[in-house]
Every structure is written in C-alpha cells, then in structure tokens.
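Here is the structure we will look at, set down as structure tokens.
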Amino acid sequence: MDELRIQWYPGHMARTRRQLAEALGRVDVVCELLDARIPRSSRNPDLAELVRGKPRVIILNRADQADPAATDRWAAALSAECEVIRTDARSGAGLSSFAPAVRRAGSERLEKLERAGRSGGVRVMIAGVPNVGKSSLINRLAGSARAQTENRPGVTRREQWFYLSSGLELLDTPGILWPKFDDYEVGLNLAFTGAIKDDVLDVEGLAARLAACLADIAPEALRARYSVDIDAARENAFELPGGGTTLGAELLEQIGRRRGCIVSGGEVDTLRTSRILLDEFRSCKIGRITLELPEAAG
C-alpha cells in the first residue's frame, strides 16, 4: 500500500498482539468477527496461529451492508472450519444465534464443569480487525452501552470483561492488524471499509480506487446513486505509467459535479467528493455490496 502511504501498523498494534496472545490463556472460545463485505480481507492471518486450536465461532458482522447472496456463499465456505453466524451488531439482527453457537463451541468446558459438580460459564474472546463492530456487538449482547464505541478504528485500547445473564463472559479486545499485507487488494479493502484510519491515507487516491472498483462489481448501484456515465468515464480514462488507469478519477469528477462539489473556477473539490463517496459506501447508502467472493479466498 506504499502508493497510498498507509502507516497501518503503529506501535500500539504490536502491543495489542502481545495482549491478545496473553489473554488467550484465559478464554475457552474465540469469536472472530469478520466484515461480511470483505470476509477474506478482514481475517487476521496471525489469529489462527495465536488461537492454537481453541474452539472458534466466526461471526459475519455487518451482514446488513453486504450482498445477501454473497454472504450465503461465504457462510457456506467458512462453515467447513467452524460454526458461522451472521449479524448486524447495530440493530441486533442475528444475535439470538450467538449464545447457542458459543455454548456448542464451549461444550467441552461446560461438560467438565458439570462432571466436577461446578457451575460456571464459557469465557469468550471477541476478536477482529479495527472498526469491525466488536464493541457494538458486546453492547447489544449486554443490553447497554458498556463498551466504548465509535465509527472509527482504534477506539478500544484495552481488555474489557463483560458478564451476560446467559452465563457467558465476554472479553473485548482492541482491534489488531498484522505486520504485512501479502495481497495489495487486502489493504485496499480494509481501507475502503474504514479498518484503517483515514488520517493516514491518501483519501483522494483511495476514493478513486473505490470508484473504479464499484464500476466493475456494482455498476448499477453506482449509477443509481450518482447518475454517473461509466461508459464515458472508461472512454476518457487513460493508462498511468506505473500501472492502472484514471477511471476512478474520471468517476470522481462526475460524482463531484453531480453533487455540486465545485470550487472557484469551476473545478471539482475532489477531497470533499472523495469523503462523500467513502462515507456513503461505508454507511451502505450506495447499496448492499460485497467486495470479494469466497472463490477469491484461495
């Protein structure tokens, strides 16, 4: 992601990784939250190593913002590894499946407690990349705004335990990214969905790439939202010396003019336009769009 100058692995990420490794010894089940729009890209490859065989549940969160058919395909593909549920932490949709799934994953601990004549619950770690909805999910499950939330990455900075009436004990952890993106598209997808802070990004370059991506995978949604002429943008686009084309820039120009983002001299305010596009994609105003399908997961 050098072209977008993403400084995405600051010192606190290394500390978070150490905290996560230490906390794993205190939990029975790991719930890995994935963004249903980018299930492959929002999977932390370090987590599989850190978990070391602990029972897991995968949660496809923000399923309300993803294409339903694509989410069905992802759920089917991931269910080969462990149980998969889909949720919308903001509205609470799908959360009724959480406790039963966790209890099934933690059945070995519950059976041991029962044999020993002891009572107790399942201790669950909630893990995932920044801004994937971990704290929102916990707040919904706990029935109150107990975990700090905000619509930006990096809000949860420390471990927090929460005790549910269902007998589950939840550990919220800070979002963690990993030291290296082996796939350039992974970095782009994380940036598109807000897992990487915008203040370390080239926002205009990122928005141009998102516009080009949407022109390929969701052209009708892009046209419906912004009345863009994608064919004309393709005709006007040209190849860049380092690779890629100016298609995204052409589309941003059209979007800016449609939205009245004009500065003195009649030029388009591309920074304002870029923020509009990114915000409206992240808030699902363009439509329910999944950026990658399970076939691409390898």
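The values are calculated or read from the model by the stated rules, or taken from the named source; none is laboratory data. Not measured: the values here are computed from a predicted model. All Cβ positions, glycine included, derive from the backbone under ideal geometry; neighbour counts span all protein chains shown.
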Quiz prompt | Conditions (1) among the charged types (D, E, K, R); (2) modelled with pLDDT under 95; (3) assigned to a loop (DSSP other than H, G, I, E, B): number failed by Lys285 | solution = (2)
Self-check item: Filter result for Ile85 (of a type outside the set (S, T, N, Q), under 22 Å from Ser107 (Cα atoms) and crowded, with 22+ Cβ neighbours inside 10 Å)
Solution: no
Quiz item: Going by the conditions given, is Ala221 assigned by TED's automatic domain parsing to the domain that holds Gly244, in contact (Cβ under 8 Å) with a residue 40 or more places away in the chain and out of contact with any helix residue (DSSP H, G or I) (no Cβ under 6 Å at 6 or more places or on another chain)?
Solution: yes
Quiz item: For segment 42-65, how many residues meet the condition of being on the phi < 0 side of the Ramachandran plot, surrounded by fewer than 23 Cβ atoms within 10 Å (Cβ to Cβ) and assigned to a loop (DSSP other than H, G, I, E, B)?
Solution: 4
Quiz item: Can you find even one residue in segment 266-282 that is within 23 Å of Asp231 (Cβ to Cβ), assigned to a loop (DSSP other than H, G, I, E, B) and in contact (Cβ under 8 Å) with a residue 60 or more places away in the chain?
Solution: no
Exercise. Check segment 171-178 and report whether any residue there is at pLDDT 85 or above and more than 16 Å from the chain's Cα centre (by Cα).
Key: yes
Practice problem: Take segment 1-41 and flag every residue that is in a loop (DSSP other than H, G, I, E, B), at pLDDT below 75 and either surrounded by fewer than 16 Cβ atoms within 10 Å (Cβ to Cβ) or not β-branched (Val, Ile, Thr) (or both). | Solution: Met1, Arg5, Gln7, Trp8, Tyr9, Pro10
Quiz item: Taking the stated definitions as given, is Ala212 in a helix (DSSP H, G or I) and crowded, with 21+ Cβ neighbours inside 10 Å?
Solution: yes
Quiz prompt | Hits in segment 189-209 (condition: of a type in the set (D, E, K, R) and either surrounded by 18 or more Cβ atoms within 10 Å (Cβ to Cβ) or within 14 Å of Ile276 (Cα to Cα) (or both)) | solution = Asp198, Glu204, Arg209
